[in-house]
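A.B. asks: Can you keep this structure in mind? I'll have questions shortly.
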Amino acid sequence: MRLSFLGTGYVGLVSGACMAEIGHEVICADVDKEKIAKLKKGIIPIYEIGLEEVVERNVKEGRLSFTTDLKAAIQESEVVFMAVGTPEDPVTGEADLKYVFSAAEAFGKHLNGYKLFIDKSTVPVGTAEKVTRVIKEASKEKHSFEVVSNPEFLREGAAVKDFLNPDRIVVGATSDKAKKIMEQLYRPIVRSGRPLMLTDVRSAEIIKYAANAFLAMKITFINEVANFCEVAGGNVKEISKGLGYDSRIGSRFLYAGIGYGGSCFPKDVKAFIKTGHEFQSHFRLLEIVDEVNMSQRLRPFVKLCELWGENMKGKTVAVWGLAFKPRTDDVREAAALMNISEFLDAGAKVRAFDPVAMETAARTLTEKKLMYTKKAVDALKGADALVICTEWDEFRVVDYTNLKKHLKGNIIFDGRNVLERSEAEAAGFEYYGVGV
Ligand SMILES: NC(=O)c1ccc[n+]([C@@H]2O[C@H](COP(=O)([O-])OP(=O)(O)OC[C@H]3O[C@@H](n4cnc5c(N)ncnc54)[C@H](O)[C@@H]3O)[C@@H](O)[C@H]2O)c1
């Protein structure tokens, strides 16, 4: 099938490349000229395991191309995916749909025959109806079309694998024709045993928010248990294990730490709460999840304030891990960046290291008192404390003799519980974890 993506960001690029991988002819379009120019030169703008090979292979085999020409992309396709960003509105906390409506308008304007407009972005319930109105107006109703909801569940860091082996594919569609096209699109993935769930459009839109909100709640739950362990005793790692063996609970998303971040959970939880308000329905549980997570993320800063006081002039903090989670260079809503900002505001110097996210972090945080170091060990030099913010595998195996040699102080705040308290303490460190 010939298809295009409006929006070649994280989701558009991964989904487009994977759709080409399963045999479709895909045009990835974007309004960002720089991004498309890079992709045309074979430069992948994001760090995602396995993506480069998939892109390279499919471009070479003529199934994947990139363009800024939205008109051509729309007109040459049988179906059009919309994968633009739906960021949080900084004032209201709602999902900002301006990019969604602008993509819908372009689709309507250039529509040249029956096509599906497939919404892959995460959007509040009722958006498909709004988008339908925008397209009708822009197309002057010259051609028929249908809006389908097909939310994306891929995880950054495992995006290619997730897209090709999803737990489920959710499709919200109205007509049998649209449902058939969607089944045809995903046939190679379904054939390998992955379920495609057909449902109504509103349910599909809600499933995505409910899934992210549930996962955010699970993380927050274990974080609250961890905080309780700190005063009551007990080790949250043991408790997670004990809970996870229960098949009704499951072991995933039960790792305590300094909260969730990234481009999805924080904004989606807030947007779901806001959508609730719109319908006079109050997600009290999610309001608490959001609030708890905000304070959880700042635990390293709060702990060092307790130890040093709020004026950190003369102190240096080494930070390991900048990405919001391992195996990605995404630093959106990353706990590391929030803590670094607080340390800098409090007068401290920061030396930071991340295996892949230094460039993206440096685009957000550029301050004289913040130094990005080439190696993890360099971040330690002359620092009074080490704060671990991302659970990269390479931080799990620590040579304490080396740590001792370079770190001036003896404080470790392990925000992801990657180290063992007993080993750190035996090496002479003052160790703080999260509920361990
Ligand atoms: N990142 C994830 O892990 C993930 C996972 C599942 C779902 N989602 C959802 O998918 C959507 C996209 O997220 P993302 O992380 O890929 O965003 P992104 O910011 O990485 O990419 C969005 C892209 O859309 C482009 N764009 C904006 N307006 C456009 C237009 N009118 N026409 C064409 N292109 C346009 C932007 O230039 C940008 O390249 C969001 O709703 C997000 O919540 C993201």
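The values are calculated or read from the model by the stated rules, or taken from the named source; none is laboratory data. A quick note: this is a predicted structure, and the numbers were derived from the prediction, not measured. Note that we place each Cβ from the backbone using ideal geometry, even for glycine, and neighbour counts take in every protein chain shown. What goes into the accessible areas is simple: the full protein's heavy atoms, side chains included, and nothing from ligands, DNA or RNA. Shrake-Rupley method; radii C 1.70, N 1.55, O 1.52, S 1.80 Å.
A.B. asks: Yes or no: segment 264-277 includes at least one residue that is touching a residue at least 60 places away in the same chain (Cβ under 8 Å), touching a helix residue (DSSP H, G or I) at 6+ places or on another chain (Cβ under 7 Å), part of a loop (DSSP other than H, G, I, E, B) and open to solvent by less than 60 Å² (accessible area, probe 1.4 Å).
C.D. replies: Yes, segment 264-277 contains at least one residue that is touching a residue at least 60 places away in the same chain (Cβ under 8 Å), touching a helix residue (DSSP H, G or I) at 6+ places or on another chain (Cβ under 7 Å), part of a loop (DSSP other than H, G, I, E, B) and open to solvent by less than 60 Å² (accessible area, probe 1.4 Å).
A.B. asks: Next question, about the same structure. Can you find a residue in segment 153-167 that is open to solvent by 20 Å² or more (accessible area, probe 1.4 Å), more than 10 Å from the ligand (Cβ to nearest atom) and at positive phi?
C.D. replies: Within segment 153-167, none of the residues are open to solvent by 20 Å² or more (accessible area, probe 1.4 Å), more than 10 Å from the ligand (Cβ to nearest atom) and at positive phi.
A.B. asks: Another question, if that's okay. Suppose the filter is within 12 Å of the ligand (Cβ to nearest atom) and modelled with pLDDT under 95; does Glu105 pass it?
C.D. replies: no
A.B. asks: Return the residues of segment 390-436 that are within 23 Å of Ala232 (Cα to Cα) and among the acidic types (Asp, Glu); say none if nothing qualifies.
C.D. replies: Hits for segment 390-436 are Asp414, Glu420, Glu423, Glu425, Glu430.
A.B. asks: Quick one: which of Val236, Val201 is in contact with a helix residue (DSSP H, G or I) (Cβ under 9 Å, 6 or more places away or on another chain), farther than 24 Å from Tyr432 by Cα and in contact (Cβ under 8 Å) with a residue 60 or more places away in the chain?
C.D. replies: When all the criteria are applied, what remains is Val201.
A.B. asks: Inside segment 400-436, can you point out the residues that are touching a residue at least 60 places away in the same chain (Cβ under 8 Å) and part of a loop (DSSP other than H, G, I, E, B)? Don't jump to the end; show me each part of the working.
C.D. replies: The initial filter retains those residues of segment 400-436 that are touching a residue at least 60 places away in the same chain (Cβ under 8 Å), namely 407-408, 411, 413, 415-417, 432, 434-436.
Residues satisfying the conditions are Lys408, Gly415, Arg416, Asn417, Val434, Gly435, Val436.
A.B. asks: What are the residues in segment 15-37 that are open to solvent by 10 Å² or more (accessible area, probe 1.4 Å), part of a helix (DSSP H, G or I) and within 11 Å of the ligand (Cβ to nearest atom), if any?
C.D. replies: Initial filter on segment 15-37 (open to solvent by 10 Å² or more (accessible area, probe 1.4 Å)): 21-25, 27, 30-35, 37.
Keeping just the survivors that are part of a helix (DSSP H, G or I) gives 21, 33-35, 37.
Hits for segment 15-37 are Lys33, Glu34, Lys35.
A.B. asks: Taking the condition of being more than 23 Å from the chain's Cα centre (by Cα) and not charged (D, E, K, R), how many residues in segment 320-371 meet it?
C.D. replies: 8
A.B. asks: For Val125, work out the one condition from (1) within 13 Å of the ligand (Cβ to nearest atom); (2) open to solvent by 20 Å² or more (accessible area, probe 1.4 Å); (3) touching a residue at least 40 places away in the same chain (Cβ under 8 Å) it doesn't fulfil.
C.D. replies: In the conditions (1) within 13 Å of the ligand (Cβ to nearest atom); (2) open to solvent by 20 Å² or more (accessible area, probe 1.4 Å); (3) touching a residue at least 40 places away in the same chain (Cβ under 8 Å), Val125 misses (1) alone.
A.B. asks: Tell me the residue from Glu306, Glu291 that is without any contact (Cβ under 8 Å) to a residue 60 or more places away in the chain, under 27 Å from Asp414 (Cα atoms) and under 22 Å from the mean Cα position of the chain (by Cα), please.
C.D. replies: Result of the check over Glu306, Glu291: Glu291.
A.B. asks: Go through (1) away from the ligand (no atom under 16 Å from the Cβ); (2) in contact (Cβ under 8 Å) with a residue 40 or more places away in the chain for Leu243 and report which single condition fails.
C.D. replies: Condition not satisfied by Leu243: (2).
A.B. asks: Still on this structure, I have one more. Quick check on my filter: what residues within segment 174-197 are open to solvent by 70 Å² or more (accessible area, probe 1.4 Å) and outside any loop (DSSP other than H, G, I, E, B)?
C.D. replies: Asp176, Lys177, Lys180, Glu183, Gln184, Arg187, Arg191, Met197
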